1. Which aspartates and glutamates, on any chain, are close to LYS111 with Cα under 13 Å apart, when same-chain ones fewer than 8 places away are left out?
2. How much length is gained on full extension from THR48 to LEU138, taking 0.36 nm per residue of separation minus their Cα-Cα distance?
3. Evaluated at 37 °C with a viscosity of 0.692 mPa s, what Stokes-Einstein diffusion coefficient in µm²/s does the chain have when Rh comes from the Kirkwood expression over alpha-carbon pairs?
4. Using the crude model of +1 on Lys and Arg Cβ and -1 on Asp and Glu Cβ, and no other charge, please compute the dipole size for the chain relative to its Cα centre, in debye to 20.
5. Quick one: which of LYS76/LYS136; LYS81/LYS136; LYS76/LYS169 span more than 29 angstrom between C-alpha atoms?
6. GLU99 versus LEU75, label points 7 Å from Cα toward the beta carbon: distance in nm?
7. Excluding same-chain residues fewer than 8 positions from LYS52, which aspartates and glutamates have a Cα within less than 14 Å of its Cα?
8. LEU130 to LEU177: extension gain in nm, 0.36 nm per residue of separation minus the Cα-Cα distance?
Amino acid sequence: MTVVGDGAVGKTTLVHALIQKATEYNHSDSSIKELKKITRTPFIEIETWSYKGLVFQCYDLTGQRIPGLHPLDLLKNQVLKYIDIFIFVFSLDMYESFENLHNWIQLMDLKNKLKDENMGFILVGNKVDLERNVSKELIQSLVGEDKYFQTYIEASSIYGIGIDEILDKIVNTGKKLLNLND
C-alpha cells in the first residue's frame, strides 16, 4: 500500500499511529509476534508490519513535491507497480491539501484505475481535532459509488481517532484483493 498527499497533512504520523495500534493488537494475545521493518530514503519511507494475519508493506511518499526529484518522477513504475491499496490523505484544516488530491491522482496515473477491482482506494481526512476548513459536503463529492473513493474516514493521528477504522478497512480491502474473505 502507499500513503500519499501533500506535505504536512500527517501521513507519517498516521503511518506511525497505524503501526502502534497494530503492535498493540499483536501483543494483546499470548502469542507475541512483531514484524516491523523500516527502510528510509530522502523521498520515501517503507514500513512493514503485520496485523490480523496479514503483512503490510507501506510506502510513505514525501508530500513535498519538487518536480523532477519526487519518487513518482524518478521511480513511478518501480514505486507503483506492486501497490494495490492507495490511501490518500488530506488535512481537514488545510483546504489546499484537499484541492491537491486530484493532482496526486494525475501524478500517479490513477484516473482510469480508480474503479479497478484489483485495487483499493481509501480517503482519509486527517487532523479532525483541528478547525475544519473542508466541508463534509465537499468531501462527499469524491466519495461513493461511481466516484473516486468508495471509503472516507476522518482521523486524528495524534489522538488515535479513526485509526481502528482505517486498519479494519485496510485489512478488509487486503483480504478482498487476496480473495481471503471469510
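Values quoted throughout were computed directly from the atomic coordinates according to the rules given, and no laboratory measurement underlies them. As the structure is a computational prediction, the values presented were derived from the model and not from experiment. All Cβ positions, glycine included, derive from the backbone under ideal geometry; neighbour counts span all protein chains shown.
1. Within the straight-line limit of under 13 Å, LYS111 reaches these aspartates and glutamates: ASP146.
2. Using 0.36 nm per residue and subtracting the Cα-Cα distance, I get 29.1 nm.
3. 196 µm²/s
4. Numbers: 20 positive and 25 negative charges, 102 e Å.
For this selection, approximately 480 debye.
5. LYS76/LYS136; LYS81/LYS136
6. Calculated label separation equals 3.2 nm.
7. List returned: GLU24, ASP29, GLU34, ASP164, GLU165, ASP168, ASP182.
8. Answer, rounded to one decimal: 13.5 nm.
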